[in-house]
1. Pull out all pairs, ordered by first then second residue, where Cβ-Cβ is under 9 Å, the residues are six or more apart or on different chains, the first lies in segment 242-262 and is on the phi > 0 side of the Ramachandran plot, and the second is open to solvent by 30 Å² or more (accessible area, probe 1.4 Å) and basic (Lys, Arg).
2. Do any helices (runs of 4 or more DSSP H) lying entirely in segment 317-407 carry at least 2 residues that are open to solvent by less than 10 Å² (accessible area, probe 1.4 Å) and within 15 Å of Arg110 (Cα to Cα), and which ones are they?
3. Quick one: how many residues across segment 118-140 are of a type outside the set (A, V, I, L, M, F, W, C) and either surrounded by 24 or more Cβ atoms within 10 Å (Cβ to Cβ) or under 15 Å from Ser198 (Cα atoms) (or both)?
4. Mind counting the residues in segment 160-183 that are among the acidic types (Asp, Glu) and outside any helix (DSSP H, G or I)?
5. Limited to segment 143-159, what total is found for residues that are out of contact with any Leu (no Cβ under 7 Å at 6 or more places or on another chain) and part of a loop (DSSP other than H, G, I, E, B)?
6. In segment 186-216, which residues are among the aliphatic types (A, V, I, L, M) and either in a loop (DSSP other than H, G, I, E, B) or buried (at least 24 other Cβ atoms within 10 Å of the Cβ) (or both)?
7. Select from segment 270-294 the residues that are farther than 22 Å from Ala228 by Cα, open to solvent by less than 20 Å² (accessible area, probe 1.4 Å) and part of a helix (DSSP H, G or I) and list them in ascending order.
8. Just to check your reading of the model, which residue among Ser73, Ser90 is open to solvent by 40 Å² or more (accessible area, probe 1.4 Å), polar (S, T, N, Q) and not in a strand (DSSP E or B)?
Amino acid sequence: MGEVAGDNDVIIVHAGRLIDPATERVLADQYLTIENGLIAAVSSNRPSSGTIVDLSEKTVLPGLMDAHVHLTSRHDQHGYRRLRSTPASSAINGVVNAHTTLMAGFTTVRNLGAQGYADIALRDAINAGLVPGPRMLASGPSIGITGGHCDMNLLPAQYKAKAGGVADGPWAVRAKVRENIKYGASVIKFCGTGGVLSKGTTIGAQQFTFEEMSAIVDEAHALGLKVAVHAHGSDGIKTAIKAGVDSVEHASLIDDEGLRLAKKNNTTLSMDIYVSDFILAEGEAAGILPESLAKERIVGRQQRERFQAAHRAGIEIAFGSDAGVYRHGLNARQFAYMVEWGMTPMEAMKAATSVTADLFGLSEVTGRVSPGLAADLIAVDGDPLSDIRLLEGVTFVMKDGVIYKDE
């Protein structure tokens, strides 16, 4: 699954060029001492002992982070094809997709929504060393209203199909938060508006009242977990921010008032501005319903324009790709879109490292190149500050001091 090449478990990574987006430092010819899975030191002087990992011709930076993935989902199983999916098949998908994601340089991810707690099982298997994959925060089933974006709306009434996270009313949603935490959730996700890929929902329509959203957030925060809300429409976004969510996923139609609220409340936005290209180009072949394609034609361009507005307003923006809607391992394609729509390459890399680490509550664990933090490192050929697309071709991956990829 991975190997530690070491002399008394000491590894010396020789970086020809080192980028730490958190500090925006770019240093040449650096030596990173790795001990017991942690960065012990960063220096321009070569240590006297340890096994050298020669990346002197490469650019090294922290392992990438993705705030919104669906590791247990397949990019070619949309629309009615989703009816083939079971918790067991989802778990198997997750094992394959976790490995693919790690090999792409994403060493930490947040999985937002999975049936049957398959993502919890996957996270625990990765932590136990049974399968290779990124460090995971996992939500379990997304919480949603009856008939909403997080419900199962593909079958007629006689089948009485309902998704595992469906709940209506303040006390019922509190119970769902407690249930998810009971079975191992490390983050809570709920659906605050309709969605693109759900049958019968309207993108802009708010789902859950303020009272229900407040109950979800209050319960999760009281039990020590952060809350992510799926929200496209402006009313649902603003209501969720007022209710105290930690991040808004998609945020496609956030208006200026919503931006002001996000700034005031220190709410992070996670805007998946690449995925529209996949949906419109390949979605029909992947089973995406005609009504969903129509919704994406409305929302895709607007989301990118609102991303630009959010960046200009100084809103904290994490890197969230929605991988699983499109093929896993292609997460880094989003970087070029973030740069095209207003970020500098350094800002885009910061979004996928320290900003997302802060959102996850893992800033003391990973996301930076600093002594005492996890040895989560990647390397690429060339300079991603000049060509951000180089991050689509990661050649070296280390997580917790273990080398998983070295080309």
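1. Listed pairs, sorted by first residue: Ala251/Arg306.
2. Qualifying helices (runs of 4 or more DSSP H): 356-360.
3. Adding up the residues that qualify gives 6.
4. Total satisfying the criteria: 1.
5. Selection size over segment 143-159: 11.
6. Val187, Ile188, Val196, Leu197, Ile203, Ala205, Met213, Ile216
7. Phe278, Ile279, Ser292, Leu293 - these are the residues of segment 270-294 that are farther than 22 Å from Ala228 by Cα, open to solvent by less than 20 Å² (accessible area, probe 1.4 Å) and part of a helix (DSSP H, G or I).
8. Exactly one of Ser73, Ser90 is open to solvent by 40 Å² or more (accessible area, probe 1.4 Å), polar (S, T, N, Q) and not in a strand (DSSP E or B), namely Ser73.
The values are calculated or read from the model by the stated rules, or taken from the named source; none is laboratory data. Remember, predicted model here, so these are calculated numbers, not experimental data. Counting neighbours? That spans all protein chains shown, and the Cβs are built from the backbone with ideal geometry, glycine included. When the accessible area is computed, the model is the full protein with side chains, heavy atoms only, and any ligands, DNA or RNA have been set aside. Shrake-Rupley method; radii C 1.70, N 1.55, O 1.52, S 1.80 Å.
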